[in-house]
Ligand SMILES: [Zn+2]
């Protein structure tokens, strides 16, 4: 069994130049599977075709998605048509493939009310939503795919098992091969966009039992020490939120303190929506753990340390 890591760059229109998605080919003696695909685009198609040709003579049996975000399934539809590979995703995240635009709307439903109440203008939010929908529309979502609750695949004597890793999305999974796991965005580097922080902390604990954790972006594979560091960054972000709301602050005031760099260009959707989503997750977590309380439209923290 051989693991071939690939980095699939974000095309320019995605607005995050220089970034990319980690995608992996896992090859047995004959069969070859791919874990996450990265975003679609002419350059990326050529790159994947070439990588596949070298790895398996072009054979691809399955595409396993760690979760339903567009930067992980973008090329899946193209690869399915070209190779016949079956696309598989946890049933809790398949809603993203059915209607990504709808899922963007749901994101906005989640943040809209607290954001408007917290000092963001409706126009600012509507503009961000429109831009995200435009990006979603140019992406090609797979129409034929298989969902699972639990997955076990046989790869020429090797098995691939799914493991639930909710937090980043509620249907995020990892794929376990031997002592390694491919975890998608379940181990993001303290960046943005966790739907449920409580679940995410449990997920990070689960990941620590693996020797190698193949992540969806940035450094990979990660070891237990990297996961400790990652957990530490979540804690320090939570403490940033606590400090920002020490004297009582609106959502917008906290956002501007915690994501200071992001606000220099708020009209790039990912620089408004994802941090806002994460900030709401942070505040909900802190509220449920008794660190903050909300009065009117202001959040107030009771301490600066977790
Ligand atoms: Zn993601």
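Computed values, structure above
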{"item": "DSSP bridge orientation in the range 73-194 - percent antiparallel, rounded to nearest 5", "result": "80"}
{"item": "Average Cα contact separation per residue, the range 166-306, under 8 Å, 6 or more apart, as relative contact order %", "result": "24"}
{"item": "Share antiparallel - DSSP beta bridges, the range 150-236, percent rounded to 5", "result": "75"}
{"item": "Nearest-ten-degree value, helix 224-244 long axis tilted from longest Cα axis of the chain", "result": "20"}
{"item": "Cβ-Cβ FRET estimate between residue 116 and residue 209, R0 fixed at 35 Å, reported to 0.05", "result": "0.25"}
{"item": "Rounded to 10°, Cα long-axis angle of helix 197-207 versus longest principal axis of the chain", "result": "40"}
{"item": "On Cα atoms only, tilt of 100-117 relative to the major axis of the chain in degrees", "result": "10"}
{"item": "Cα-based shape type of the range 1-106, given that a ≥ b ≥ c are square roots of the gyration tensor eigenvalues and the cut on a/c is 1.5", "result": "oblate"}
{"item": "The range 51-105-the range 241-259 distance, computed between alpha-carbon centres (Å)", "result": "38"}
{"item": "Helix-only [θ]222 nm of the chain, DSSP H runs n ≥ 4, -39500 (n - 2.57) each, per residue, nearest 500", "result": "-12500 deg cm²/dmol"}
{"item": "Extension reserve of the residue 246-residue 225 stretch, reckoned as 0.36 nm per residue once the Cα distance is removed", "result": "4.4 nm"}
{"item": "Average Cα contact separation per residue, the chain, under 8 Å, 6 or more apart, as relative contact order %", "result": "15"}
{"item": "Förster radius 35 Å - calculated FRET efficiency between residue 156 and residue 233 (Cβ-Cβ, nearest 0.05)", "result": "0.35"}
{"item": "Cα-based Rg of the chain normalised by 2.2 N^0.38 Å, two decimals", "result": "1.02"}
{"item": "Least to most buried among 75, 6, 283 (fewest other Cβ within 10 Å first)", "result": "6, 283, 75"}
{"item": "Among beta bridges that DSSP assigns inside the chain, antiparallel share in %, nearest 5", "result": "70"}
{"item": "Residues 182, 302 arranged by fewest to most Cβ contacts within 10 Å", "result": "302, 182"}
{"item": "Residue order, fewest to most beta carbons within 10 Å, for 148, 120", "result": "148, 120"}
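Rule-based calculations on the coordinates, nothing more; no lab input. The structure presented is a predicted model; accordingly, all values stated were derived computationally and were not measured. Here Cβ is always computed from backbone atoms with ideal geometry, including for glycine, and neighbour counts include all displayed protein chains.
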